[in-house]
Structure formats: C-alpha cells, structure tokens
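Since the structure comes first, as structure tokens, the remarks are kept for the end.
The values are calculated or read from the model by the stated rules, or taken from the named source; none is laboratory data. Predicted model only: the values in this text are computed from it and were never measured. For neighbour counting, all protein chains shown are included, and Cβ atoms are generated from backbone atoms with ideal geometry for every residue, glycine included.
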Amino acid sequence: MKKKLLLPRKRESISTKLPVLLFILSVFFLTGFIPKSYGKSGNTGNIIGKIEAKYKTVRSISAYFYQKEIIPGYSQNMAFKGYFYYKYPDNMAWVYTYPIHKRQVLKRNNLYIVDSSIKKVTVINVGKEKGEFPPNIVAVIGSLTKYFRVESVKKDAGKGIIDVKLKPLSLQRAKEIYIDFAINSLKITSLKILTYQGQSVIFHYSNVRFNRHINNDIFSVNFPSSYTIIKEN
C-alpha cells in the first residue's frame, strides 16, 4: 500500500515504486534470490493474514495520491499529485494533475506514458524484469509474505492505523518499506520506500475506494492517428 509500484522515469512520472503499490511496483529490481517466507506467527500473522485476505477480494481501487521523492544531493525534492486507479485483473493508471498533466497506464506488461498536450505516447515494456514480481497491487498485497519479510506490525489506535514494516525477500533497490493501513477498513493510507542509495519515496493516499465502478476509458491504450507512438524497448 511506492513504488514502485521501475516503471516510469522519475522526472516524467510516478517511478513505479508502486506502483505499488500502491504502489510498490517500481522499486523492484529483483535478482531471483528468494529466501523462505517469514512473518506469519502469533498476532502479527493474524493481522497480516487479514490484510492479505482483504486484498484478495478487491476488484477495483481508486484513490487520490500525493507523492514526494527525496534524493540525496538534490536541494529540491520532487512532488506530484494525482489519481490512482486499479481494475481487476491487471489494469492500472496514474493520472497526474500536478505539476504535470499526464496519464500513465500499465496494461499487459506495457507502460504507456501519455502526454496529450503534445500528442505523444511513450511505450515501455516492463515484462522483462527478473524475479517474476507481478505488476499488480492486489496480487502483491494479497501475498505479502511471498515477497517480503515482515519486520514489525504496530497498531496506533490514536491515529487509527496499522503500521507494517517490510523487507524484500530478494535483493533490489528497496531496502525497507513501510505501509500504513487504516485499522477498520485496511485501506492504505501511506507508503514509504527507502532505497539502498538513500532515496526516499513517500506516498499519501486519501479518498481510497474499493470495488467501485471505474470507467474503462481511463485504461484505454487506443490513441488517435495524430499521436506519435515511441517504443523504448
């Protein structure tokens, strides 16, 4: 529940550190070393089990997000705002409203970066990454202990959140991942990714909705003939 979620380029879009996640997507450069799953014991296991069970029933997600990237050596941090959409089984889209106006669609292992202002679409094949990490937020959160070691699970009744600290089970850019879930609904409220390079990617989510109708046009990859299509790989 970034970030990913990586898929898009940092200065052009969401850097799929997500995304997922939501988010978690683009952080993952897997090497294929997968140790034994860890984290399903006692109360920790009960909470993680409830989270996994909840997301296995999710068929759509819509949310408003605020994304901030902190990069060592840069005096200014990058910040983005927009809307995230997921629709079962494998449709995801990011609609950026600040400071850029672009749409990104992840569909059938291709990431489409759409700039309608200049009628340009950049297509990136993201289906060649090692480790078979699924580009699907529900598949990831629905199987957390398949991909992560659960370091800690903490409830903060005052804030109404469950804070989960994760470490990837294989070597990748993500060093640590923190996800906050709302205690009652188990909806993601924030995601923080720390990389070995010292970069921090932080997402805050609001107005998160599960299993609501989402217009298929958001995920459309049918473009007018006037658009320039560029395939990067």
Among 226, 206, which is within 15 Å of the chain's Cα centre (by Cα) and either loosely packed, with under 15 Cβ neighbours inside 10 Å or at pLDDT 90 or above (or both)? 206
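Looking at the structure I just gave you, is residue 152 surrounded by 14 or more Cβ atoms within 10 Å (Cβ to Cβ) and modelled with pLDDT of 90 or more?
Details: surrounded by 14 or more Cβ atoms within 10 Å (Cβ to Cβ): no; modelled with pLDDT of 90 or more: yes.
When the stated conditions are applied, residue 152 does not pass them.
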At least 3 residues that are surrounded by 14 or more Cβ atoms within 10 Å (Cβ to Cβ) and touching a Phe, Trp or Tyr at 6+ places or on another chain (Cβ under 9 Å) in each: list the strands (runs of 3 or more DSSP E) lying fully within region 68-121 that qualify. 78-87, 91-98, 102-107
